[in-house]
């Protein structure tokens, strides 16, 4: 038996599938940010073997020139970034809201080290971010990302997605919603702490002998943490609505940005 009797087109098709999953999947949030490299490589091989028999690309998509190979790589990178930026908008909105809450509570100098990025970030931002990611995973948001990756094999050929004007307009509209959502997340805490500041200002006028600064700091922390627990249910509603609309958003992004050969 000739063990070297294989079809080169089959190997090239497998490489194209491996290329799509490796570039797209690990640019996405959660898969590319939080997993160790060994687990990433294992997941890459498992997903490729699972997807390749049903959703593989034909071998003729493989470019014959190195410049075409580079163009295909850039198109795959744009696809991964376009899909990943949608989820990162939710994460960025949470971080914006957490930063506002952190400032209002007087924790501007209290930072924590993010073990994933090694960067310092406010403690409330990190707390809300972790709660959001746990909610996202518990509602199977990561499975929606894998489903979007599977749909990309049917809608986007290798290297077929580029930064079209329509795609850029959609990304900019999502960035606008990011700031709005960040303010909506922090709004209950902002309002509560504003009322605390107003009450302390009235106390300082009625009783000037009281040290409002010493008394106000622990009160603002207590009220801030109290209302921080109230917004957890609100955060769950935001994440649930986001996940329910994520499939349609992904399909829309891939349809308006694809350039067919």
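Assorted remarks:
- Residue-averaged 222 nm ellipticity for the chain, from DSSP H runs of 4+ at -39500 (n - 2.57), nearest 500: -27000 deg cm²/dmol
- Springs join every pair of Cα atoms under 10 Å in this Gaussian network model of the chain, and among 177, 121, 233 the largest mean-square fluctuation is at 233.
- Judged by the mean number of other Cβ atoms found within 10 Å, the most tightly packed of the peptides 135-145, 83-93, 44-54, 208-218 leads the ranking 83-93, 135-145, 44-54, 208-218.
- Between 0 and 90 degrees, the angle of helix 66-104 with respect to the longest Cα principal axis of the chain falls at about 10 degrees.
- The C-alpha atoms of the chain define a longest principal axis, and helix 37-55 lies at about 50 degrees to it.
- Normalising by residue count, the chain has a Cα convex hull of 146 Å³ per residue.
- The chain: angle of helix 8-25 to the longest principal axis, Cα-based, in degrees nearest 10: 10
- Relative contact order %, the range 8-257, counting alpha carbon pairs below 8 Å whose residues are six or more apart: 25
Quick note: the coordinates plus some simple rules give every number you see, no bench work behind them. Everything numeric in this text was worked out from a predicted model, so none of it was measured. All Cβ positions, glycine included, derive from the backbone under ideal geometry; neighbour counts span all protein chains shown.
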